[in-house]
Every structure is written in C-alpha cells, then in structure tokens.
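Remarks on the structure that follows.
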Amino acid sequence: MVGIFYYSGGDGVTENDTVRAISEWPVNGLTGRRKIYTAKKKVTPENVVEVLGKALAVHRINRAETVYLYDFYKGKQDIRLKDKIVRPEINNKVMINRANEIVTFKTAYLLDGPIRYVSNGGEDDVSAGVNTLNEYMRAESKDTLDKELADWMHICGVAVRMVLPDKAGEEDGSPVSIYTLDPRAAFCIYHSGVGQKKVAGVLEQVDEEGQPYFCVYTPEWYFEVQNGQITKQEGRTIPYIPIVEYVNNDARMGAFEPVIPILNAINMIESNRLDSIQDLSTPLMYSRTVSWRTASIRNWRRAEWQLLSRAFSPAWRLRSTALPLS
C-alpha cells in the first residue's frame, strides 16, 4: 500500500524527515499506473457514489505514485535521503537530473513540430472543413497543450485531456475549450467487460470553502459528488465523455520509471565520490607522542585535526576509493 505524506513543520524535525514528507519511494515499487475498472455497464444516479468510491481507492494509489514521479522529474530525488555516519558533516548530495533529460528528449522526439490535421482524399469541401478544424486548434493553442500532455505522459505514464463546448456567446476563435488536466486530480473509469468501454470521467475540484468535490461526466449525466453525497445532477446534451486518457504504453509507465534504480545509483556514486575527495582534501594529523591519559582523542571539527594515541600504527596510509564513472 502506498501512502501520501504531508509535512506541517514543527520542532525536532530533521531535514530528511522533511524530504520523506515531500516524496518517498512507494513501498511496492513502481510498475505503471493502474487502470480503473467497474463492473457497472453504466454510471447512473443510483450507483454513481458507489462506483466513485471504489474508483478513488485505486486512484489514490496512482496519485501517490504520480506525486513521487513528478517530484523525481523536478529534482526531488532519493539522494536527498542520504545519511552518513562517519564524519557526517561531509555529506554531499549530488543530484544529476537524468529524468528531466529523458522526458525532454522523449517529448521533443514525439512532437518535433505542431500537430496538423490533413484530409486523406475527399472533396474540396472536406479539405475546407479540415482547414477550419486546424484554425480552431490554432485558436486554442493546441500545440502548447500537446506539449503539456506529452510531458505528463512521459513523466507518469498517463496524461489526461478535457474538451468542452464553449457557452453560447463565449466563442473565441473556436467553439470548444481544450484543457490539459493534472493526472493527480483526473482519471477515467472503464467497464471491466469485453472491450473495456469507458463509462465515466472524473475531475477533482475544490469549492470556495476549500473542500474537495468530484465532477463525474458520463454520456447521459453530469454529477457533482461531495462527502459521499450527490450535490448536483443534470442531464448532458452532448452524449460523450469529455475526459480522455493518453497512455505512454500498455503498462502505463513513465519514460524514466524503469530506470529509476539506475538513476539513484548514479546520484549515489557521484555523491560518494565527492565525499571521498573532500575527506582526503581535509587534512588529518596524528601524533605518536600523545598519551591516552593526557589527551585521549581530540577532534577539532573546524580544523579537522585529530590527535591519536601512539597505540595506533604509524604506518597508516590514506587512499582514495573513488572510481571514475564510465
């Protein structure tokens, strides 16, 4: 089971406690986001609360993993949890953000230019209609929204889009509005039968009092559900579900998700290498003339001098264990 952690501050909380509160490797590892199913063929006023409740149990697991992956992409990576017992004041945490590089490369490779629609044959009126569609997409800045969609798809494996008709009189170059939704707050529900037909789309919102509620779209109905109760219900005039999921692959995994252990290992190697260099560049002095009775072991951390008893071997040598990373 994966948990979501929140940190509200307070005395006696260490840096690593704060880091863990932000994001931590899920207990069961990462193997892609779960597709959300229901046995109901249709979502109706009679079963919407039940279907939504079961779907949220799965979505919360997906959301916790998406939070981790998005934090990893932004640079909040596991190396921030690194502890060092010996000489803890030398504890470098080097983060090489390969995850960001992978997402940037994948998105740039997929979307080397704005997407345009073309007509595969047809009459002149068909071509004219396709040109009109392209103008609508340009008015909605769809190329920018496509980039956001591809980024989310490569970060967490699933991206979510919403398309809604404009209200009468509010058209601004296009009769529709296109949104790229945050997959931490939006998802689709599918029927578990043959074909896995989509039966609902869900979007989490917050009311004026800061309380969350859920907007549920089906082909026939629009619901708002809060605290297990339907607070709004109305029929839909356009019989389609306006929320659509785009998946990166069948496993619904992000682009860098399979190599996270390797990325963590690279960060650890570079951090330990810098620790080793700093350990050796900070002078250590030992004296064979100091007895245990008069001095024992003294450690001035600022000067990094240590006085050691003559009982220790004078043949000590310091060697670097840092190896080059090929």
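The values are calculated or read from the model by the stated rules, or taken from the named source; none is laboratory data. Since the model is a prediction, treat every value here as computed from it, not as a measurement. Cβ placement follows ideal geometry from the backbone for every residue including glycine, while neighbour counts extend to all protein chains displayed.
Cβ separations smaller than 6 Å between residues 6+ apart or across chains give the following pairs from the range 168-182 residues that are of a type in the set (A, V, I, L, M, F, W, C) to residues that are outside any loop (DSSP other than H, G, I, E, B) and surrounded by fewer than 16 Cβ atoms within 10 Å (Cβ to Cβ): Val176/Val163; Val176/Pro165; Ile178/Leu145; Ile178/Val163.
Yes or no, residue by residue, for (1) closer than 25 Å to Ser174 by Cα; (2) at pLDDT below 85; (3) in a helix (DSSP H, G or I):
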| site | (1), (2), (3) |
| --- | --- |
| Tyr73 | no, no, yes |
| Val86 | no, yes, no |
| Val94 | no, no, no |
| Ile115 | yes, no, no |
| Asn134 | yes, no, yes |
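Listed by position, the strands (runs of 3 or more DSSP E) contained in the range 152-247 that have at least 3 residues being under 30 Å from Tyr70 (Cα atoms) and either of a type in the set (A, V, I, L, M, F, W, C) or at pLDDT 95 or above (or both) are 158-165, 176-181, 186-191, 198-206, 212-217, 221-226, 243-247. Mind listing whichever residues of the range 236-260 are under 20 Å from Phe105 (Cα atoms) and over 16 Å from the mean Cα position of the chain (by Cα)? If the condition is that a residue be under 20 Å from Phe105 (Cα atoms) and over 16 Å from the mean Cα position of the chain (by Cα), then Asn249 is the only one that fits. Total residues in the range 85-103 satisfying the condition of being without any contact (Cβ under 8 Å) to a residue 60 or more places away in the chain and surrounded by 14 or more Cβ atoms within 10 Å (Cβ to Cβ): the figure is 2. Where residues in the range 160-178 are buried (at least 17 other Cβ atoms within 10 Å of the Cβ) and under 28 Å from Gln229 (Cα atoms), which of them is farthest from the chain's Cα centre (by Cα)? The qualifying residue farthest from the chain's Cα centre (by Cα) is Met162. Checking the conditions here, which among Thr282, Thr294 is among the β-branched types (Val, Ile, Thr), modelled with pLDDT under 80 and loosely packed, with under 12 Cβ neighbours inside 10 Å? Result: Thr294 is the single residue among Thr282, Thr294 that is among the β-branched types (Val, Ile, Thr), modelled with pLDDT under 80 and loosely packed, with under 12 Cβ neighbours inside 10 Å. Residues in the range 131-142: is at least one within 30 Å of Leu30 (Cβ to Cβ) and either surrounded by 17 or more Cβ atoms within 10 Å (Cβ to Cβ) or free of Cβ contacts under 8 Å to residues at least 24 places away in the same chain (or both)? So far as the range 131-142 goes, no, none of its residues is within 30 Å of Leu30 (Cβ to Cβ) and either surrounded by 17 or more Cβ atoms within 10 Å (Cβ to Cβ) or free of Cβ contacts under 8 Å to residues at least 24 places away in the same chain (or both).
Of all residues in the range 9-27, one or more are under 14 Å from the mean Cα position of the chain (by Cα), within 19 Å of Trp152 (Cβ to Cβ) and modelled with pLDDT under 85. Give me a count of the residues in the range 50-71 that are surrounded by fewer than 21 Cβ atoms within 10 Å (Cβ to Cβ) and either part of a loop (DSSP other than H, G, I, E, B) or among the small types (Gly, Ala, Ser) (or both). The total comes to 3.
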